[in-house]
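A short worksheet on the structure shown next.
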Amino acid sequence: MNDGNPVSTPSSLVEKIKNILLTPKEEWPRIASEPASIGGLYTSWVMILAAIPAVCSLIGSLVFGYSALGITYRPSMTAALSTAVVTYVLSLVQVFVLALIIDGLAPTFGGTKDRTQAFKVAAYSATAGWVGGVFQILPAIAALGILAGLYGIYLLFLGLPLLMKAPQDKAMSYTGVTIVFAIILGLVVAPLTMPIATMFGGGMMAPT
């Protein structure tokens, strides 16, 4: 029985991650045609993968801390945990808002509005960035996650016109405008993380 959940087992989850990252041109048509619901995509994909950077950042900050100018700061357990939770929740919100943007922009670029397909685009194109979040387990190389996130632009470029039924000659502009809105969204959300986390967590521990 299909409940709108395209990924039902751990093995199928891993296989789908591998497919979208390594063979996206073949995987996007399968994603476009498979039955899904926004709720099912959240529980089977978004909520699982979005946890990777949050959990790895939590571990990295507690085990290694943050170093600058020879000084290492380690957050308290409460501060680190609250920051990870807030970051995770905001990432779930960002995916939905980005899907709304993708859906809203569709007619402008000759595409067809479809909320579920737009959510698929937002969720699956973010895969590279979420998987790249594993680098945050070691703060010194956390920046490598940015490179992984850049691959998500390519995934977006491939999937956006296909799922939203936009002409291929408008794929570049559709992708570009979507990226601009995604950056603006990130700039709005990022400053909220620390103030919200501070409401629930403690301060930093003394430098070591």
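Couple of notes before you dig in:
- Residue separation of Thr78 and Leu138 scaled by 0.36 nm, minus their Cα-Cα distance, works out to 19.6 nm of gained length.
- Accessible area of segment 17-165 belonging to carbon and sulfur atoms, whole % at 1.4 Å probe: 73
- Dipole of the chain computed with +1 at Lys/Arg Cβ and -1 at Asp/Glu Cβ about the Cα centre; of Ser57, Asn5, Leu163, farthest Cα towards the positive end is Ser57.
- When the chain is treated as a Gaussian network with alpha carbon springs shorter than 10 Å, the biggest mean-square fluctuation among Val180, Val189, Val86 belongs to Val180.
- Modelled spin-label separation between Val14 and Leu147, with each label point placed 7 Å from Cα along the Cα-to-Cβ direction: 2.5 nm.
- Remark: the chain carries 51 Å² of accessible area per residue (probe radius 1.4 Å; ligands, DNA and RNA excluded).
- Among the listed pairs Lys16/Lys170; Lys25/Lys165; Lys18/Lys170; Lys18/Lys165, those beyond 22 Å (Cα-Cα): Lys16/Lys170; Lys18/Lys170; Lys18/Lys165
- Helix-only mean residue ellipticity at 222 nm for the chain, each DSSP H run of n ≥ 4 adding -39500 (n - 2.57), per residue, nearest 500: -21500 deg cm²/dmol
- If R0 is taken as 35 Å, the Cβ-Cβ distance between Met47 and Ser173 corresponds to a FRET efficiency of 0.65.
- Note on exposure: Asp169, Asp114 ranked by accessible area (1.4 Å probe, complete protein assembly) read Asp169, Asp114, with the most exposed listed first.
- Computing Cα extents along the principal axes in Å directly from the structure and comparing it against (i) 56, 36, 29; (ii) 46, 39, 34; (iii) 55, 38, 22 singles out (i).
- Point-charge dipole on Cβ atoms (K/R +1, D/E -1) for segment 1-145, about Cα centre, debye to 20: 200
- Per-pair calculated FRET efficiency, R0 = 25 Å: Thr193 and Leu62 via Cβ, rounded to 0.05: 0.90
The values are calculated or read from the model by the stated rules, or taken from the named source; none is laboratory data. No experiment lies behind these values; they were computed from the predicted model shown. Quick reminder, even Gly has a Cβ in these numbers, built from the backbone with ideal geometry, and neighbours come from all protein chains shown. We work out accessible area using only protein heavy atoms, side chains counted, and drop any ligands, DNA or RNA first. Shrake-Rupley method; radii C 1.70, N 1.55, O 1.52, S 1.80 Å.
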